[in-house]
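The values are calculated or read from the model by the stated rules, or taken from the named source; none is laboratory data. These figures come from a predicted structure and were not determined experimentally. Here the Cβ positions follow ideal geometry from the backbone for every residue, glycine too, while neighbour counts run over all protein chains shown. For the accessible areas, the whole protein counts, side chains as well, though only heavy atoms, and no ligand, DNA or RNA atoms are used. Shrake-Rupley method; radii C 1.70, N 1.55, O 1.52, S 1.80 Å.
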Amino acid sequence: MKEVIKIEGGHPLKGEVTISGSKNATVALIPAAILANGPVTICGVPDISDVQSLSTLLKELGVFVMIKGKDHIVIDPTEMKNIPLEHPAVSKLRASYYFMGALLGKYKKVDIKMPGGCYLGPRPIDLHIKGFKALGAEVNDEDGYYHIKADRLVGNKIFLDISSVGATINIMMAAVYAEGRTVIENAAKEPEIIDVATLLNKMGAKIRGAGTNIIKIDGVQELSGCFHEIIPDRIEAGTFLIMAAAAAQEMTVSNIIPQHLESLLAKLEEMGVDMDVDVDRVTIRGGKPLKGAAIKTLPYPGFATDLQQPLTTLMTQAEGESKVIETIYPERFKNCFELAGMGADIEVGTSNCTVRGKTPLTGKRVTATDLRCGAALVVAGLIASGTTEIQEVYHIDRGYCDLDGKLKKLGAKIWREQTE
Ligand code: EPU
């Protein structure tokens, strides 16, 4: 049995949606918690399948894990054992690679299968490995199985050729217990990196400069348990803002940090979206004609690659030509073929696409080939005539907390069905 999401389009969204904790912060914070020598409580944890996969991996390692109430997780690594991570859950998500940095940092040894995650074209981890080696680790990769170990981890200067989010966080985790100072140059500046550094510092680490392109980590000998609240998910927030721009009468997206969404908010404004930005919420009123726009995805604070696919759906509703240039994941355009099948006028080139609008969309059977493609198709389903059926919804469930429940409350006609 497989599950599909069905959406009957054309029902305007109204009301308020509250954004959950950040997926991409959570999937790093959970592995980071094992660096402590006592219980870590994290609140604001989104109810997504990536969290379930990470909890499975923690239990494999003998870590005590308890979900408390609606969104708290307690992680107690006191009885943990550093066994090889080869459980199938490793391949379910990309972020299982954070166990490399965390286990290497704590035990100076890690054996782990190659991580999984959405296929967005090649996703190498050479910079993570370069960082571990610079700290003194020996890395062997045998058929997608990594064996990493070090006698000692010693702080070093590491220049990242690309400001990779994953490499920055993984090196930070590997370096917290290293001897002396580690300096990451050309570090990624995403808000999720600040969140992970904040957790580690609450545990007793000495990390300075997170959020800038130079991060300094002075090794410590002891990290203890603490309490941490996750930042709101800027990508979930951006997805709902795009849904509001596409399909709302009047809708408020709350529990957000508008500063984390500046590149999207500026683009929505340029497209003619009517909105009010407040301290922790944005209200959007629909009904205004939209203009085409051009975006180029870039590391933060540039336009987020994770919002490129949902925005492309909105572009089909804007007058004139829109252009997307993707500089992070050149193959992140599978959504365009699904949209074209629904009636969009889209041309996909090498690392770019051109959208000509405005075109009506018609509901049909489509496939969520990856997480944000799924989100883009939900946006399409909300505005299409007739019913849209989205297959492979497990991609959506990996990263959006109760997406259909939240949309139902906003007035969307969305439901799930089991199919053969
Ligand atoms: N890269 C390398 N070598 C490396 C690491 C990265 O060449 O060792 C390249 C990548 O191929 C890519 C670029 O550097 O072209 C940036 O990749 P980055 O490492 O920053 O991405 P990531 O850490 O694997 C995270 C998010 C992605 C998000 C990107 C970019 C997590 C678990 N994933 O991935 O989120 O798109 O940063 O912001 O945090 C999503 O949420 O849908 C998603 C894919």
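Summary table
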{"read-out": "Candidates LYS59, LYS68, LYS81, filtered to the one that is over 22 Å from the mean Cα position of the chain (by Cα) and within 26 Å of ILE217 (Cα to Cα)", "value": "LYS81"}
{"read-out": "Yes/no for ASP126 being near the ligand (Cβ under 8 Å from one of its atoms) and either farther than 17 Å from ILE30 by Cα or hydroxyl-bearing (Ser, Thr, Tyr) (or both)", "value": "yes"}
{"read-out": "Flag if PHE132 is more than 22 Å from the chain's Cα centre (by Cα), at pLDDT 95 or above and either closer than 30 Å to PHE333 by Cα or within 16 Å of the ligand (Cβ to nearest atom) (or both)", "value": "yes"}
{"read-out": "Any pair with Cβ under 8 angstrom, 6 or more apart, that starts in the range 326-340 at a residue that is in contact (Cβ under 8 Å) with a residue 40 or more places away in the chain and open to solvent by less than 40 Å² (accessible area, probe 1.4 Å) and ends at one that is part of a loop (DSSP other than H, G, I, E, B) and among the acidic types (Asp, Glu)", "value": "ARG332/GLU326; ARG332/ASP370"}
{"read-out": "Qualifying residue in the range 176-186 (condition: loosely packed, with under 15 Cβ neighbours inside 10 Å, within 16 Å of the ligand (Cβ to nearest atom) and not aromatic (Phe, Trp, Tyr))", "value": "yes"}
{"read-out": "Where ARG416 falls short, out of the listed (1) assigned to a strand (DSSP E or B); (2) under 21 Å from ILE5 (Cβ atoms); (3) without any contact (Cβ under 8 Å) to a residue 40 or more places away in the chain", "value": "(3)"}
{"read-out": "Any hit, the range 393-413, residues being touching a strand residue (DSSP E or B) at 6+ places or on another chain (Cβ under 7 Å), modelled with pLDDT of 95 or more, among the β-branched types (Val, Ile, Thr) and away from the ligand (no atom under 16 Å from the Cβ)", "value": "no"}
{"read-out": "When residues of the range 219-245 are limited to those that are small (Gly, Ala, Ser) and over 22 Å from the mean Cα position of the chain (by Cα), the one most open to solvent (accessible area, probe 1.4 Å)", "value": "SER224"}
{"read-out": "Any helices (runs of 4 or more DSSP H) falling wholly within the range 287-396 and containing at least 1 residues that are at positive phi", "value": "none"}
{"read-out": "Enumeration of residues in the range 92-116 that are within 14 Å of the ligand (Cβ to nearest atom) and either open to solvent by 30 Å² or more (accessible area, probe 1.4 Å) or of a type in the set (Lys, Arg) (or both)", "value": "LYS92, ARG94, MET114"}
{"read-out": "Of residues in the range 273-301 being open to solvent by less than 70 Å² (accessible area, probe 1.4 Å) and within 10 Å of the ligand (Cβ to nearest atom), the one nearest to LEU261 (Cα to Cα)", "value": "TYR300"}
{"read-out": "Count - residues of the range 145-186 that are small (Gly, Ala, Ser) and under 11 Å from GLY101 (Cα atoms)", "value": "4"}
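Each row is one residue, and each column tells you yes or no for (1) aliphatic (A, V, I, L, M); (2) outside the structural domain of ALA246 (by TED's automatic domain parsing); (3) under 26 Å from TYR300 (Cβ atoms).
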residue	(1), (2), (3)
GLN317	no, no, no
GLU326	no, no, yes
ARG332	no, no, yes
GLU338	no, no, no
GLY341	no, no, no
ILE346	yes, no, no
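Listed here are the residues, each with its yes/no results for (1) open to solvent by less than 10 Å² (accessible area, probe 1.4 Å); (2) within 25 Å of ALA304 (Cα to Cα).
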position: LEU127; (1), (2): no, yes
position: GLY131; (1), (2): yes, yes
position: ASP141; (1), (2): no, no
position: TYR145; (1), (2): no, no
position: ILE169; (1), (2): yes, yes
